[in-house]
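The values are calculated or read from the model by the stated rules, or taken from the named source; none is laboratory data. Treat the numbers as computed from the prediction; the structure is a model and nothing was measured. All Cβ positions, even for glycine, are placed from backbone atoms using ideal geometry, and neighbour counts span all protein chains on display. Keep in mind that these areas ignore ligands, DNA and RNA; they rest on the heavy atoms of the full protein, side chains included. Shrake-Rupley method; radii C 1.70, N 1.55, O 1.52, S 1.80 Å.
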Amino acid sequence: MSRTFQIVEVAPRDGLQNESVIVSTADKVALIERMIDAGARRFEVGSFVNPKRVPQMADTPEVIAALPDRADVSYIGLCLNLKGVERAAGSRAGNKRGVDEAGCVTVASDSFGRANQAQTSAESVAENVVMLALAKREGLVPQVTIAVAFGCPFEKVVPQQYVLDIARRLAEAGPVEIALADTIGVAVPGQVRDLIGALRDVLPADIRLRGHFHDTRATGIANAWAAWEAGAEVLDSSLGGLGGCPFAPGATGNVATEDMVYLFERSGVATGIDLEKAIGVNKWFAGVMGKALPSNVGRAGGF
């Protein structure tokens, strides 16, 4: 329990990108500000993608321009290709704060890669090696997520060894962090423990491991704990459990930040996030969204 632990709040990007409601720039910034007040210190704030494909992220430049300039907070911009990294670097032009991290994304299956990024897995990995190098040159924190690491909606099983081989290749590009994403919410704790543990064994100790889990089949929070036990130092979560993958029918969203905080704090692992304040942000943002948010702890409260 002496290891450091960090939560990345992904609601402003992954939580909102598939919602039918278009949240205003002001409300996105207010969400980030309120979660900073609750103790969150790392955020996915937007996505450098084609706004026609993801209209919910069309205002990413405006959100970034309005972010609080806090030295103790790190902002991540999602980058799906080399142009995305260039745009992330451009957000810092003219002495602007911009984003701090380039959140690069590669894929562990050809079918998902073609559907999501118009690339095979090998092509995606090769481009991400270049993306990470560019991010580093531009002064951005280089980090990368391996999508569908635990299962693909088209190819189903993704071999563990293939994910490990991808991670080794990416590690050579010098990322500070490699994340494994259960993009469609099919993972179970034993699988998570095995893959994260194997990854920790093969990667350099100075590369952080991060987990990203969806609660599609009610295993998300258990998977998060299994990842922590196996050596992950960082976990993603989304306020209220917002989010989901368009390739996962019936997806119920990301692991909720409130649920994550409750689990870890009650287990003796400090998160730095005030649970009651996070629940308060949940109630406020439910009004913005016009619906109750699916977090269990958001409904039941703390203990």
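Only residues that are under 19 Å from residue 25 (Cα atoms) and among the aliphatic types (A, V, I, L, M) were counted in segment 74-94, giving 3. Does any residue of segment 178-191 turn out to be within 18 Å of the chain's Cα centre (by Cα), touching a residue at least 40 places away in the same chain (Cβ under 8 Å) and surrounded by fewer than 20 Cβ atoms within 10 Å (Cβ to Cβ)? No, the conditions are met nowhere in segment 178-191. Taking segment 280-303 as the range and being open to solvent by less than 30 Å² (accessible area, probe 1.4 Å) and in contact with a Ser or Thr (Cβ under 8 Å, 6 or more places away or on another chain) as the test, the residues that pass are 282, 295.
Residues considered: 218, 222, 232. Of these, the only one that is surrounded by fewer than 19 Cβ atoms within 10 Å (Cβ to Cβ) and not in a helix (DSSP H, G or I) is 218. Pairs meeting the criteria (first residue in segment 130-152 and touching a residue at least 60 places away in the same chain (Cβ under 8 Å), second residue open to solvent by 10 Å² or more (accessible area, probe 1.4 Å) and among the hydrophobic types (A, V, I, L, M, F, W, C), beta carbons under 9 Å, at least 6 apart or on different chains) are 141/176; 143/176; 145/78; 145/105.
Yes/no per residue for (1) within 17 Å of the chain's Cα centre (by Cα); (2) modelled with pLDDT under 95; (3) surrounded by 18 or more Cβ atoms within 10 Å (Cβ to Cβ); (4) aliphatic (A, V, I, L, M):
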| position | (1), (2), (3), (4) |
| --- | --- |
| 81 | yes, no, yes, no |
| 94 | no, yes, no, no |
| 104 | yes, no, yes, no |
| 110 | no, no, no, no |
| 122 | no, no, no, yes |
| 125 | no, no, yes, yes |
| 143 | yes, no, yes, no |
| 162 | no, no, no, no |
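Only strands (runs of 3 or more DSSP E) whose full extent lies in segment 5-116 are considered here, and the ones with at least 1 residues that are closer than 15 Å to residue 239 by Cβ are 6-9, 42-47.
Scanning segment 223-243 for residues that are charged (D, E, K, R) and either on the phi > 0 side of the Ramachandran plot or more than 15 Å from the chain's Cα centre (by Cα) (or both) gives a single hit, 229.
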